[in-house]
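J.: Take a look at the following structure, please.
The values are calculated or read from the model by the stated rules, or taken from the named source; none is laboratory data. Everything quoted here is computed from the prediction, not taken from an experiment. FYI the Cβ positions are ideal-geometry reconstructions off the backbone, even for glycines, and counts take in every protein chain you see.
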Amino acid sequence: MTQRKRATPSSQRQHGVSALQEDEDDIPFTQPSTSQVQKALENVTPAQLDHKASEVVQYFLVKQQKKIPVRRADLVKHVVKEYRNIFPEIMKSASKTLDQVFGLKLVEIDNKNHLYILISKLENVDGPHTSVSSPKVGLLFVILSVIFMKGGVVRENVIWNTLKKLRVDPGEKHAEFGDVKRLVTDEFVRQRYLECVRIPHTEPVEHEFHWGQRAELEVSKVKLLEFLGQLHDQDPQLWSQQFKEAHSSVNPPSS
Amino acid sequence: MSQQLGNSHRRFLQTLMTCGSVDEPGARSLHQHCCETHNTQYVPDQLDNFINAINSKLQPLFMQIRKGMSEESGQQHYALVNMAETEVTRMSSDYTENELELFRKTIDLIVASDNGLALSTDILNSADTLTTKKLKKTETEQLLKRLVQDKWLCEKQGEYTLSTRCIIEMEPYIRTMYPEQVKVCHICHNIVFQCQTCENPVCGVKIHFPCVAKYFRGRSVRRCPACDDAWEHEVPEMKRRSRSQSRR
């Protein structure tokens, strides 16, 4: 039975420093060179490569259930193991399978700490059993909207006040969400939907929120503006700055 | 016949992964929704072919979409299952080692019981006997709540049973771990937990509630299909299967 240590993120997260840092007992992994890979491939059968790639796919899918990013070090330590010399080939094969069978794109969101996430290539469409209608998603959407409309960064008290107006008080235990503060600062941040950054020189410590890398990749700003336009009965184009930003950034893939 | 997958298949698969399991009417409406979203021709009653196409691509990954019957409703459910594992790997990134140990102890209790139920008091007592870190009463209660939320267990009036999704996913694991105690329904021959048992001490065959309902429907004289003794239990009414296809 594999034991997975649960990462306990600190409540004060430094910008760019992931709580999922490499342990001391990790053997540092550097990407093998192309010639090293070619040489190692000679000693591996296609069946062995496919089998390893399948294991990598399964590992990613399990993590995807809770939207936890995957550390490259963990992947090498627990799954790839002695096949580390053909790591790029295994990743290429796994990536292709995730794309063709599941419609999931493998993205490296952190080039320094080597973290991967899976994002759906399929557009979020409301339908039976979809999570688009789940309350947590609704709450997240509200927060992302506030941040986007305010230019991409917002002090934490703005978020808390917005939520309070919607009768979601971070100070109280909510019937649906439970510990709201934990949901926003811990769960949504760990899933990379939000980024929580400490504002320097603040006492008591204050934070600001940005969109996380997963939100950037998964959420369509165009759609968000359209939705807000409907909500406020306003033409999205009247929010000229946000409209420009939404239509200039790389659009998340649609079906 | 290995059909190529389109986005309708991928959407179906992604949704199934998010939900854990889906019942038959739900699978049908999801099939329709996926085809319509991606402008693929939707043919009702082609659900099995649709799923087979997905399964042919999942096979090299040791995964399959499998069907299993709910022990409560008799309804068929679909779930994505890991075929390669004999352990509870699907859960291992969500639960700590001692939490998994308690879950396994709960399965112990359910398998050992006559009726597929584990009492919450018995589970709480198990928490004291864990070989990994012990769990306090409140921690155990929280854990049980999570297991129900994550759809591994069902709870009714302080009694816990395995969810349909759990049975589908863990059947190979349970058959491997409990080869002696595992029972099989006399009618449908699938693994059985919640059931009626023949009162004849020499017979003792077990039948799922929905299978009892189906078998005895229309029969005024009820006898055990194995030993012919009178079937003493109250026969449940057969739940009407609603083929509700919501047309948008």
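J.: Please pick out the residue among A:Asn113, A:Asn124 that is in a loop (DSSP other than H, G, I, E, B), touching an Asp or Glu at 6+ places or on another chain (Cβ under 8 Å) and within 14 Å of another protein chain (Cβ to nearest Cβ).
T.: A:Asn124
J.: Could you tell me whether A:Gly152 is more than 10 Å from chain B (Cβ to nearest Cβ) and in contact (Cβ under 8 Å) with a residue 40 or more places away in the chain?
T.: In short, yes.
J.: So, in region A:61-77, of the ones that are in contact with a strand residue (DSSP E or B) (Cβ under 6 Å, 6 or more places away or on another chain) and part of a helix (DSSP H, G or I), which residue ends up farthest from the other protein chains (Cβ to nearest Cβ)?
T.: Looking at the filtered set, the residue picked out is A:Gln64.
J.: Another question about this same structure. Considering only region B:91-110, state which residues are buried (at least 19 other Cβ atoms within 10 Å of the Cβ), among the aliphatic types (A, V, I, L, M) and touching a strand residue (DSSP E or B) at 6+ places or on another chain (Cβ under 9 Å).
T.: Listed by number, the residues that qualify are B:Ile107, B:Ile110.
J.: Then there's this: I'd like to check something: does region A:215-229 contain any residue that is outside the structural domain of A:Ile109 (by the TED database), closer than 17 Å to A:Ser145 by Cβ and assigned to a strand (DSSP E or B)?
T.: No, because not a single residue in region A:215-229 is outside the structural domain of A:Ile109 (by the TED database), closer than 17 Å to A:Ser145 by Cβ and assigned to a strand (DSSP E or B).
J.: Now a separate question. Could you say whether any residue in region A:38-57 is under 20 Å from the mean Cα position of the chain (by Cα) and more than 9 Å from every other protein chain (Cβ to nearest Cβ)?
T.: So far as region A:38-57 goes, yes, one or more of its residues are under 20 Å from the mean Cα position of the chain (by Cα) and more than 9 Å from every other protein chain (Cβ to nearest Cβ).
J.: Determine which single condition B:Val205 fails, assuming it passes every other condition in (1) within 24 Å of B:Tyr78 (Cβ to Cβ); (2) touching a residue at least 12 places away in the same chain (Cβ under 8 Å).
T.: (1)
J.: So which of B:Pro201, B:Pro210, B:Pro172, B:Pro179 ends up being more than 21 Å from B:Ile123 (Cβ to Cβ) and crowded, with 19+ Cβ neighbours inside 10 Å?
T.: Result: B:Pro210 is the single residue among B:Pro201, B:Pro210, B:Pro172, B:Pro179 that is more than 21 Å from B:Ile123 (Cβ to Cβ) and crowded, with 19+ Cβ neighbours inside 10 Å.
J.: For region B:38-47, does any single residue satisfy the condition of being surrounded by 15 or more Cβ atoms within 10 Å (Cβ to Cβ), assigned to a helix (DSSP H, G or I) and of a type in the set (A, V, I, L, M)?
T.: Yes - at least one qualifying residue is present in region B:38-47.
J.: Determine which member of the set B:Cys166, B:Cys154, B:Cys188, B:Cys211 is under 21 Å from the mean Cα position of the chain (by Cα), assigned to a loop (DSSP other than H, G, I, E, B) and under 12 Å from B:Glu71 (Cβ atoms).
T.: B:Cys188
J.: Now for a different question. Quick check on region B:25-37. Is at least one of its residues β-branched (Val, Ile, Thr) and touching a Pro at 6+ places or on another chain (Cβ under 9 Å)?
T.: Among the residues of region B:25-37, not one is β-branched (Val, Ile, Thr) and touching a Pro at 6+ places or on another chain (Cβ under 9 Å), which makes the answer no.
J.: Could you pull out the residue among A:Lys96, A:Lys67 that is within 16 Å of the chain's Cα centre (by Cα) and not small (Gly, Ala, Ser)?
T.: Unique residue meeting the criteria: A:Lys67.
J.: Within region A:210-222, is even one residue of a type in the set (A, V, I, L, M), more than 17 Å from A:Val142 (Cα to Cα) and surrounded by fewer than 18 Cβ atoms within 10 Å (Cβ to Cβ)?
T.: No: region A:210-222 contains no residue that is of a type in the set (A, V, I, L, M), more than 17 Å from A:Val142 (Cα to Cα) and surrounded by fewer than 18 Cβ atoms within 10 Å (Cβ to Cβ).
J.: Also, quick follow-up: Consider B:Gly26 carefully, then state whether it is surrounded by 19 or more Cβ atoms within 10 Å (Cβ to Cβ) and on the phi > 0 side of the Ramachandran plot.
T.: no
J.: Among what's in region A:78-110 and is in a helix (DSSP H, G or I) and touching a strand residue (DSSP E or B) at 6+ places or on another chain (Cβ under 6 Å), pick the residue that is surrounded by the most Cβ atoms within 10 Å (Cβ to Cβ).
T.: A:Leu98
J.: In region B:149-159, which residues are in contact (Cβ under 8 Å) with a residue 12 or more places away in the chain and within 21 Å of B:Glu97 (Cα to Cα)?
T.: Answer for region B:149-159, where residues must be in contact (Cβ under 8 Å) with a residue 12 or more places away in the chain and within 21 Å of B:Glu97 (Cα to Cα): B:Asp150, B:Lys151, B:Trp152, B:Leu153.
J.: For A:Val137, are the conditions met, namely being of a type outside the set (D, E, K, R) and either on the phi > 0 side of the Ramachandran plot or within 14 Å of chain B (Cβ to nearest Cβ) (or both)?
T.: Yes, satisfied.
J.: Here's a check for you: in region B:1-23, which residue that is crowded, with 22+ Cβ neighbours inside 10 Å and more than 9 Å from chain A (Cβ to nearest Cβ) is nearest to the chain's Cα centre (by Cα)?
T.: This residue is B:Ser21.
J.: Taking region B:182-198, which residues are crowded, with 20+ Cβ neighbours inside 10 Å and without any contact (Cβ under 8 Å) to a residue 12 or more places away in the chain?
T.: The answer is none; no residue qualifies.
J.: Go through A:Arg13, A:Arg4, A:Arg72 for me and flag whichever is modelled with pLDDT of 90 or more, over 22 Å from B:Arg10 (Cα atoms) and basic (Lys, Arg).
T.: Going through A:Arg13, A:Arg4, A:Arg72 in turn, the sole match is A:Arg72.
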